[in-house]
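In what follows, a structure is listed as structure tokens, so that the remarks can point back to it.
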Amino acid sequence: MTNERILLADDDDMIVDVLRYQLEREGYQVLTAGDGQQALALAQTARPDLVLLDVMMPKLQGWEVCRELRRTSTVPILMLTARGEEMDRVLGLELGADDYIVKPFSFRELLARVHAALRRAAYSQPPAEPPAERPISLGDIAIDLRRHAVTRGGAPVALSPREYELLVALHQAAGAVINRHELLDRAWGEQWIGNPRTLDVHIRWLREKLEKDPARPRLILTVRGAGYRLVTADELTSHG
């Protein structure tokens, strides 16, 4: 049994009733919302462990709810969409969603994605007895591995679990290039199967949060044909 809470936001009463029943049988506490405004308010006040978010909803669409949540929250977001086109999926990822599932879907598939998202979120939480370690400084960016926290100019930066894992993986390479497959394995797990473009989208989102000019990145660099790398503090100092 689990005490984790899931916010299920969908305006289709039949889908809500079926999914709520099945999720509660798995031991989850389920909160429900029938429109985007209610979903956003519940997510901000009830602080669920995961959000299942339908794209097409009245009052506020799922894309907008996702974008607003990502301004302040790293809660795992799984988009539920009837649209299967690649650009629709990429849009959700660009706005900060962790995953998506296209309707119609089996409950077994949904449950597997929920479990995977919650595992990643739990893995990204700070340990109970973190070792004493000074934050890593990269210009005005500070990475506190002990607290799993990132700041920019002293202000907290809300990174999703995947964004944080990507940043840590790049830092641990100490300036070396990490190929795309290794980064996908680190952030999504070795069993993950999906579109490799997901990585590019999350790197772009990470740059939006950390770079002064995301169009001309100085921290997270693309090495064409090889992968990505994070510059070192010494490099930043030497380049002024």
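Read the figures in this text as sums done on the coordinates, not as results from a lab. Bear in mind the structure is a predicted one, so any value in this text is a computation, not a measurement. For neighbour counting, all protein chains shown are included, and Cβ atoms are generated from backbone atoms with ideal geometry for every residue, glycine included.
Points worth noting:
- Each Cα pair under 8 Å and six or more residues apart adds its sequence gap; the mean of these over the residue count of the chain is a relative contact order of 14 percent.
- Note on Lys59: aspartates and glutamates with a C-alpha under 17 Å away, same-chain residues under 8 apart excluded, are Asp10, Asp11, Asp12, Asp13, Asp35, Glu68.
- Remark: segment 136-238 carries a charge dipole of roughly 200 debye about the Cα centre, counting +1 on each Lys and Arg Cβ and -1 on each Asp and Glu Cβ.
- The local environment of Ile15, defined by Cβ-Cβ distances under 11 Å, has a net charge of -4 under the rule Lys, Arg +1 and Asp, Glu -1.
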